[in-house]
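Asks: Have a look at this one before I ask anything.
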Amino acid sequence: MQDVIIPYEAGTFLVSVAKYVDNLLTHHYNLEPYYNVDTPEDFIGHLIIGLAPHTSVGIVGRVVGFTNAQACFATPYWHSAKRRDCDGDGDSIILLMDVLLNFSKKFLPSIIGGLMDAPLLIQPLILPREVQRQAHHMDVASCYPLEFYEVTLRNESPSSIAKSMDIIKNRLGKKEQFTGFHFTHETDAITVKQSRSSYSTLVTLNEKLDRQIELAEKIHAVNPDEVVKSVLRTHLLPDIIGNTKAFTSQRFRCKSCGAKFRRVPMRGNCLNCGGELQPSVTRGSVEKYLQLGLRLSNKYDVGEYLRSRFVLAAEELATLFEPEAHQTDMVDYVSNSHSIGEEFEEHTAVEPISVNMELLMEDSIQGEEKKHTLRKEKVKEVYQATLF
Ligand SMILES: [Zn+2]
């Protein structure tokens, strides 16, 4: 029930981990080495902990073999007990002795999310009744009853024949929940030649998305416009909006001591230690999907509403970020006022400072208008660049 076939590549890596654990046992704890392994094959029969991404309960498993695929093969019970469909994130396995020796809550970061991806609890045995319901829907019959085919012709809900099908749900609490699992079709291979999902080999989101759309274009049953629409609506747009909000309400963090400030203090560095401050949200994280969103919303028929939302986002970001990448500081004003101040010295006995201030303000208003026009032009540029 908890037997697992692990990737061979993971096995080679675990050999190094096991050697480290053995060193720790002998040199640090003055105990006998535990693993004594030289090759991945030596792990057969050893216990591991399976931990799904972003969870904190590990499930004990036993290594029974290896695969060239980048996947762990186990019963749906085992995967389901980890409480997560990995949906694209990396699953993980850890040697049991490594967890027992080297895990401590004291090593975990105190930030939000610091408790995730760490085995805070270990579940030694799987309780079929307590795993997620997807595993309860697994059918374990050797053939389907005639009734099943009749119901499919009437397009009825699958739940209408749940009682007549041999599914795990109907075996819960009985001895059969652990044994006598059948299948309807024989196969001599459960892996394909492709051992790694392209989700993990493609590097950037642009590439991943392009490939996904390419696939959607090839499958007749899939409408690529709808795929793009859904990606834009559920991923790119919320990302841009969320990060824009985060950027404008962000805090600043000290690189040295980690102190956080609601805004940059007047003296420009950390009030605790004088360290350099850095923004907690970067411009890059706000803008990273903008060009992609604009490109896709123009290339595919996603509707005027959705397309406009990206154009509006582009306009808003262009007002938020200076395209010139030059921030006005006091020195700019001083150098501008220099010539004005000289003029006044020639003419008048009026206190130069107060007059200067007025002129400076006027000057800065003109400067603002100029910047505004520049921004507008930049928006136009960005928009046109993506249209053609
Ligand atoms: Zn500091």
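The values are calculated or read from the model by the stated rules, or taken from the named source; none is laboratory data. Predicted, not measured: the structure shown is a model, and the values here were computed from it. FYI the Cβ positions are ideal-geometry reconstructions off the backbone, even for glycines, and counts take in every protein chain you see.
Asks: On the phi > 0 side of the Ramachandran plot and either in contact (Cβ under 8 Å) with a residue 60 or more places away in the chain or not assigned by TED's automatic domain parsing to the domain that holds Ala71 (or both): does that describe Gly90?
Replies: For Gly90, the condition - on the phi > 0 side of the Ramachandran plot and either in contact (Cβ under 8 Å) with a residue 60 or more places away in the chain or not assigned by TED's automatic domain parsing to the domain that holds Ala71 (or both) - is not met.
Asks: What's the number of the only condition in (1) in contact with a helix residue (DSSP H, G or I) (Cβ under 6 Å, 6 or more places away or on another chain); (2) surrounded by fewer than 16 Cβ atoms within 10 Å (Cβ to Cβ) that Asn36 fails to meet?
Replies: Just one mismatch for Asn36, condition (1).
Asks: Being without any contact (Cβ under 8 Å) to a residue 24 or more places away in the chain and either outside the structural domain of Leu47 (by TED's automatic domain parsing) or exposed (fewer than 13 other Cβ atoms within 10 Å of the Cβ) (or both): is that true of Ala141 here?
Replies: The answer is no for Ala141.
Asks: Give the residue, chosen from Thr248, Thr234, Thr244, that is surrounded by fewer than 12 Cβ atoms within 10 Å (Cβ to Cβ) and touching a residue at least 40 places away in the same chain (Cβ under 8 Å).
Replies: Residue meeting the stated conditions: Thr248.
Asks: Okay, next question. In the range 142-177, how many are touching a Phe, Trp or Tyr at 6+ places or on another chain (Cβ under 9 Å) and among the small types (Gly, Ala, Ser)?
Replies: Total satisfying the criteria: 2.
Asks: Right, Lys169: more than 30 Å from Ser308 (Cα to Cα) and not in a loop (DSSP other than H, G, I, E, B) or not?
Replies: yes
Asks: Looking for whichever is modelled with pLDDT of 90 or more and among the basic types (Lys, Arg) here; the options are Arg283, Arg263, Arg211. Which one fits?
Replies: Checking each option against the conditions leaves just Arg211.
Asks: Hey, another quick one. Pick from Lys82, Lys105, Lys19: which is of a type in the set (Lys, Arg) and crowded, with 20+ Cβ neighbours inside 10 Å?
Replies: Being of a type in the set (Lys, Arg) and crowded, with 20+ Cβ neighbours inside 10 Å holds for just one of Lys82, Lys105, Lys19, which is Lys82.
Asks: What helices (runs of 4 or more DSSP H), lying completely within the range 1-118, carry at least 1 residues that are over 26 Å from the mean Cα position of the chain (by Cα)? Give the steps one after another, and end with the answer.
Replies: Working: elements: 8-23, 76-81, 96-102.
Passing ranges, in order: 8-23, 96-102.
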